[in-house]
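**Q** Have a look at this one.
The values are calculated or read from the model by the stated rules, or taken from the named source; none is laboratory data. Note that the structure is predicted; figures quoted are calculated from it, not measured. Cβ coordinates were reconstructed from backbone atoms using ideal geometry, including for glycine residues, and neighbour counts include every protein chain displayed. With ligands, DNA and RNA removed, areas are computed over all heavy atoms of the protein, side chains included. Shrake-Rupley method; radii C 1.70, N 1.55, O 1.52, S 1.80 Å.
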Amino acid sequence: MYTHVIFIVLYNQKLVNISYQPISWGKKMATMKDVARLAGVSHGTVSNVLNGSKSVSSDKIKRVEQAVAELGYKPNVLARNLKTSRTGRIEVVLPDITNVAYAKIFEEINRRAVERGYSAYLRICADVPDREINILERALMMGADGVILLTCQPGNTDFFNRLIEGGLPVVFIHHKVTGDRMNNVCMDARATVTASIRDQIDAGFHRIAIVAGPQEYSFEVECVDAYFNAMQKTKKYIDTSYVETVNSNRESAMRAAIRLMELENPPQIIYTTDRILSEGVACALAIAAKPGLIKPKVITLDAEEWTKAKSEKDNVVLLPYSQMARTAFDMLEETVLTDDKRGGRSISVPCTKSMGLAAARCHDIGVFRKIKILTQNSPACHTINSLAADFKRSTGIDIELLQVPYNLLLSEILKGVPLGEYDVFVMDLPWMKELVLGGYMQDLSEYYPDYQALARMFSEDVLREHCFFGDRLYALPFSHTVQLLFYRKDLFEQIKNKRLFYERYKKELRVPETWEEFNRVARFFTRKFNLESETVYGTTLGAMHASGAVCEFLPRLWAAGGSVFEDGKAVIDSEQCVAALTQYIESFNYASTESPVHWWDEQVQLFAQGDAAMMAMYSDHATPLEDRNISCVVGKVGFTLLPGNVSVLGGWSVAVNPYSDKKSDAFEFAKWTASESLIMPNAMLGRIIPYRFVFESSELHNLNPWYRTLPSAFACTKRRAIPRNSKGEGVSEALLEQIIANAVHAVLKKKMTPKEALKDAAKKLNEAIK
């Protein structure tokens, strides 16, 4: 097909040339009418199929899909956007992205935008007001849904008001803009900066300087205020020559640092308010430091990069740039969706001083001491071996590691700990009650008495389940894991599957929210029951070992309103529990016939190779799903809470053996396993340390996107606890698991009905707690 394009050239508004030429556009683009004609259906039917309407038969869906594929038809997204008056376009205007903190802002906004169905476009103004104005005017003209702006001209409120009046929602980030209609998201760094400076003063440093950016920016003003506040609170003489305010570039910071080094008493510490300024200061120190004097230590307010070495991290005050960016996007989206033109809200994102559990540094490493560690044989525990050299280098303590299978670990703890065979052991969270009451765990309260420091690092849920029994500290977090429902989001989103599911069940295909719905969806995606299913199985199951069956059965039991014990008596044979077991047994029809002898590893393997549509699994075992060397479903995996929103408590803590003669060294190891500096290396190797800020980490979301769901899922967990017996003695968790698992397998093998099996289980559980 050819069309003629006319070129008109103007010079000083005078016509100087007119030309035309034919341009080949290639094959004609298919239209919806072409699809309808080829499929033998109406234009409306094609529209309904493409939009997922329920009123179309599966036969017509197939014909339309075949026609779409044959013609290569592409829906006109621009036309759709014009009809809805939304472009899905978010403009992000930043001074630059050479500043790592600013790059992190865009990274977070872009991730949020993709998740919510928007496209984020980065615009760089280079701190030039006219360029910023041009970018914003163009965003208004092109119909952007909104703008997130780190402005270089916070005083230009008249211009910003005109933008908002013109219908362009704007959220100002990091640099506050005053005005009744201005939406601002900033962070309050005063307390964090003040605390950091006071720490340096407490460490013996008294000559402290600060190099800050332009004082028309609210963040820079707050940092200087924090500096003066810290100095006043410690009753130190304030020398204003130690305070430098500069332009936002390396060159200005370099000149400021040279001036500081020319003082009669040069500073011992120089704070800088961002990475760019610190680079300029570092350059100055390399050339201007006086001979014979120790160079000042440079401390930077920054967004941390996990790849930094430990020594570099010591010189960084972490600020929540990522959280600020997410908050800004959420505010903008709310404004866009509600068409709220009023604005006028300001959110201040708090900063929390980083107080990680760092192992003590050993400066005189001679003969290495050695401690013995007992762990599960799992990916999370394998990290100890991989990173052990860091512990040895840091503390002068060597380790001897014994890894045993999960089903043998509890018995090994019960046998080996009293004999002093191990100094440290890793334990599953549900075992804590039994181990504490049995005297198998050292009370660590005297080793780490600062509860407030722990509360700043870990949530109340984590402290309660990972660390404390009653009001005493017995362990530190080792690995955070929660049961989630993983599913093939590409299959759930397919129009064909939605249509076929509705035709079959008269219900919408969605990620199941109940276990009854789970079985229905699993059946639909099982090829034995649906020849058009792209997966062989609707779900994976793993009933091997006692824990496998128990961890799959109990969420169904609790969701049905059942309980294992009530008022000190086993009630697992109630109607709700029988119904839950019947439902669980049905699920085996939609899974591999090997499921009764599968463990979690086999489940993950089946799901990763694309053989199953759903999988209930602990998050730390799901790491292979995002490994392209193992998985063929990378990028296709969705995740959510289990149906019924209740799951079996999981996770691991590290404890010290009270019978060890090396308790201090053992506690150093426990601190090291939870040390903040090793968060990312551990995560890369499959172990998540549940610090508060970890679940907001961009890098971790890149690694495994389901990490952000863990806190809400963890809040929905329940213990599989067994009451004490009539003598007040703890009863083994392993016994509880074995009795319940035997009931499940008796039904699977058709030796008993669900009612008979649970009646027998209730009898045995009651005998155990006599």
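**Q** Hand me the GluC sites (Glu not before Pro) from segment 582-635 located in a DSSP loop with no more than 16 other Cβ atoms within 10 Å, in residue order please. Provide the component values of the computation, followed by the final result.
**A** Values: sites: GLU586, GLU594, GLU602, GLU626; in loops: GLU594.
Qualifying residues, ordered by number: GLU594.
**Q** Long-range amide H contacts for MET182: which residues qualify at under 5 Å (H placed 1.01 Å from N, peptide plane, sequence gap of 5 or more or a different chain)?
**A** GLY344
**Q** Which one, (i) 1.03; (ii) 1.07; (iii) 0.97, gives Rg/Rh (Cα atoms, Kirkwood Rh) as derived from the coordinates shown?
**A** (i)
**Q** If you don't mind, another one. If you take all C-alpha pairs in segment 647-770, what percent of them are over 23 Å apart?
**A** Details: 4405 of 7626 pairs.
For segment 647-770, the fraction of Cα-Cα distances above 23 Å is 58 percent.
**Q** Run a plain Debye calculation on segment 458-552 (Cα atoms as equal point scatterers, no solvent) and give log10 I(q)/I(0) at q = 0.13, 0.23, 0.25 Å⁻¹, rounded to two decimals, same order as the q list.
**A** Result of the Debye calculation: -0.63, -1.17, -1.30.
**Q** Turning to a different aspect of this structure: What length, rounded to one decimal in nm, is gained on full extension from LEU122 through to ARG37, with 0.36 nm per residue of separation minus their alpha-carbon distance?
**A** Values: separation 85, 0.36 × 85 = 30.60 nm, distance 4.22 nm.
Difference between extended and current length: 26.4 nm.
**Q** Which whole-number value in Å² is the accessible area per residue of the chain, probe 1.4 Å?
**A** Spelled out: the 1.4 Å probe surface of the chain, per residue, equals 45 Å².
**Q** Now, a different point. Can you list residues from other chains, or at least 5 along the same chain, whose modelled amide H is less than 5 Å from the amide H of SER119?
**A** ARG89, ILE90
**Q** Return one quarter of the surface area of the convex hull spanned by the alpha-carbon atoms of segment 393-551, equal to its mean projected area, in nm².
**A** Working: hull surface 57.5 nm².
Directional mean of the projected Cα hull area for segment 393-551 stands at 14.4 nm².
**Q** P(r) for segment 132-269, please, calculated from all Cα pair distances in 5 Å bins and given in %.
**A** Binned Cα distances yield the sequence 2, 9, 17, 16, 15, 12, 10, 8, 6, 4, 2, 0.
**Q** Which value in nm describes the separation of the simple spin-label points at ASP330 and LYS569, placed 7 Å from the Cα toward the beta carbon?
**A** 4.7
**Q** Distance in nm between label sites at THR514 and HIS206, each 7 Å beyond Cα in the beta-carbon direction?
**A** Using points 7 Å along Cα→Cβ, the separation is 7.3 nm.
**Q** Quick one: if the Förster radius is 45 Å, what FRET efficiency do THR240 and LEU703 give, using the C-beta to C-beta distance and rounding to 0.05?
**A** On the way: r = 46 Å, r/R0 = 1.02.
The pair THR240/LEU703 has a calculated efficiency of 0.45.
**Q** What are the extents of the Cα atoms of segment 716-770 along their three principal axes, listed from largest to smallest and rounded to whole Å?
**A** 37, 30, 15
**Q** From the helices alone, meaning DSSP H stretches of at least four residues, give me the mean residue ellipticity at 222 nm for the chain, per-run term -39500 (n - 2.57), in deg cm²/dmol to the nearest 500.
**A** Numbers: 29 runs with 317 residues, N = 770.
So the calculated ellipticity at 222 nm is -12500 deg cm²/dmol.
**Q** Which percent of Cα pairs goes in each bin when the distances of segment 194-263 are cut into 10 angstrom slices starting at zero?
**A** Answer for segment 194-263: a P(r) of 20, 49, 30, 1 percent.
**Q** With θ set to phi - 60° and the Karplus curve 6.51 cos²θ - 1.76 cosθ + 1.60, what are the ³J(HN,Hα) couplings of segment 185-194 in order, to the nearest whole Hz, using x for Gly and Pro?
**A** Each residue's phi maps through the Karplus curve to give 10, 10, 10, 9, 9, 4, 5, 5, 5, 4 Hz.
**Q** For the chain, what % of the accessible area comes from carbon and sulfur atoms, probe 1.4 Å? List each step's numbers first, then the result.
**A** Working: 17540 of 34910 Å².
Summing carbon and sulfur atoms, their accessible area is 50 percent of the total for the chain.
**Q** What is the antiparallel percent of DSSP beta bridges lying wholly in the chain, to the nearest 5? Could the numbers behind the result be given before it?
**A** Details: 31 of 80 bridges.
Among the beta bridges of the chain, antiparallel pairing accounts for roughly 40 percent.
**Q** Karplus couplings for segment 386-400 from phi (6.51 cos²θ - 1.76 cosθ + 1.60, θ = phi - 60°), rounded to Hz, Gly and Pro as x?
**A** 5, 10, 4, 4, 5, 5, 5, 5, 7, 10, x, 10, 8, 10, 10
**Q** When the convex hull of the Cα atoms of segment 622-661 is projected onto a plane and the area is averaged over all directions, what value comes out in nm²?
**A** Numbers: hull surface 23.0 nm².
That works out to 5.8 nm², a quarter of the Cα hull's surface.
**Q** For a quick check: with amide H placed at 1.01 Å from N, whose amide H comes under 5 Å from TYR271's, ignoring anything fewer than 5 positions away on the same chain?
**A** Hits under the 5 Å cutoff: ALA209, ILE210, VAL211, ILE299.
**Q** On to the next question. Taking 1 over the mean of 1/r across every pair of different Cα atoms in segment 525-659, what Kirkwood radius in Å do you get? Mind showing how you got there, number by number?
**A** On the way: mean 1/r = 0.0612 Å⁻¹.
One decimal place: 16.4 Å for the Kirkwood radius.
**Q** Still on this structure: Mind giving me the FRET efficiency for ASP59 and ARG345? R0 is 60 Å, r the Cβ-Cβ distance, nearest 0.05 is fine.
**A** Numbers: r = 52 Å, r/R0 = 0.87.
That pair, ASP59 with ARG345, gives E of 0.70.
**Q** In whole percent, what relative contact order does the chain give with Cα contacts below 8 Å and a gap of six or more residues? Each step should come with its number before you reach the end.
**A** On the way: 1381 pairs, mean separation 89.1, N = 770.
Taking the mean separation of contacting Cα pairs over the length of the chain, I get 12 percent.
**Q** Run the numbers for ASN645 and ASP96: contour at 0.36 nm per residue of separation, minus the present Cα-Cα distance, in nm.
**A** Working: separation 549, 0.36 × 549 = 197.64 nm, distance 4.33 nm.
Result for the pair: 193.3 nm of gain on full extension.
**Q** Here's another thing I want to ask about it. Please give the contour-minus-distance gain from GLU400 to TYR448: 0.36 nm per residue of separation, less the Cα-Cα distance, rounded to one decimal in nm.
**A** On the way: separation 48, 0.36 × 48 = 17.28 nm, distance 2.44 nm.
Working it through step by step, the gained length comes to 14.8 nm.
**Q** Which pairs break 19 Å Cα to Cα here: LYS297/LYS392; LYS433/LYS671; LYS433/LYS763; LYS370/LYS392; LYS60/LYS528? Spell out each step's value before the answer.
**A** On the way: LYS297/LYS392 27 Å; LYS433/LYS671 22 Å; LYS433/LYS763 23 Å; LYS370/LYS392 9 Å; LYS60/LYS528 24 Å.
Checking Cα-Cα distances, LYS297/LYS392; LYS433/LYS671; LYS433/LYS763; LYS60/LYS528 exceed 19 Å.
**Q** Quote the FRET efficiency, to the nearest 0.05, computed for GLU115 versus ARG504 with a Förster distance R0 of 22 Å and r equal to the Cβ-Cβ distance. Kindly include the intermediate steps, with their values, before the conclusion.
**A** On the way: r = 31 Å, r/R0 = 1.39.
The calculated FRET efficiency here is 0.10.
**Q** Using each residue's phi in segment 266-278, evaluate 6.51 cos²θ - 1.76 cosθ + 1.60 at θ = phi - 60° and report the 3J(HN,Hα) Karplus result to the nearest Hz, with x for Gly and Pro.
**A** Working through the residues one at a time gives x, x, 8, 9, 10, 8, 10, 8, 6, 5, 4, 5, 5 Hz.
**Q** Output the Kirkwood hydrodynamic radius of segment 529-575, Cα pairs only, in Å rounded to one decimal. Don't skip to the answer; put the middle values down first.
**A** On the way: mean 1/r = 0.0760 Å⁻¹.
13.2 Å is the Kirkwood radius here.
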